[in-house]
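Trainee: First the structure, which I've put down as structure tokens, then a few questions once you've had a look.
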């Protein structure tokens, strides 16, 4: 049985991965999603960017920031250089806090640049730079 992951769509022109984080945020599910992206040939040959859409995301009642650290060593092994943008709702303070936490992990533990945005247009513009 395949491990749970979020829905992924690949842009044929750029290889960019588009991820819909709907439902509960789960660090293991994020890791599984990125692993699936990293194995995609068009993404690996493309600009290696990822647009994470988290506007429909919510935190589970038992969310623990420590769960992110458990996935970090594996993340280091599968992460490739590139850019990731995550789009969150402006009024979702806790989701933005989780995104900033992932941003700090990316900055210190991986070779990916992760930025946080409040709308998809700004995120796409940044990814296209």
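Where a number appears in this text, it was derived from the coordinates with a stated rule and is not lab data. These numbers were taken from a predicted model, which means no experiment stands behind them. Because the Cβ atoms are built from the backbone with ideal geometry, glycine has one as well, and the counts that use them run over all protein chains shown.
Trainee: What does the C-alpha gyration tensor say about the overall shape of the chain? Classify as rounded when a/c is under 1.5, otherwise prolate if a/b is larger than b/c, or oblate.
Mentor: Rounded is the answer for the chain, as its axis ratio a/c remains below 1.5.
Trainee: In addition: Counting helices only, and only those DSSP H runs with n ≥ 4, report the 222 nm mean residue ellipticity of the chain as the sum of -39,500 (n - 2.57) divided by its residues, in deg cm²/dmol to the nearest 500.
Mentor: Result for the chain, helices only: -13000 deg cm²/dmol.
Trainee: Can you give me the C-alpha center-to-center distance between region 7-51 and region 103-129, rounded to a whole angstrom?
Mentor: About 13 Å separates the Cα centre of region 7-51 from the one of region 103-129.
Trainee: Restricting to bridges with both residues inside region 1-99, how much of the DSSP beta-bridge set is antiparallel, in percent to the nearest 5?
Mentor: Antiparallel bridges: around 30 percent, rounded to the nearest 5.
Trainee: Moving on. In what sequence do 22, 84 fall when counting other Cβ within 10 Å, fewest first?
Mentor: 22, 84
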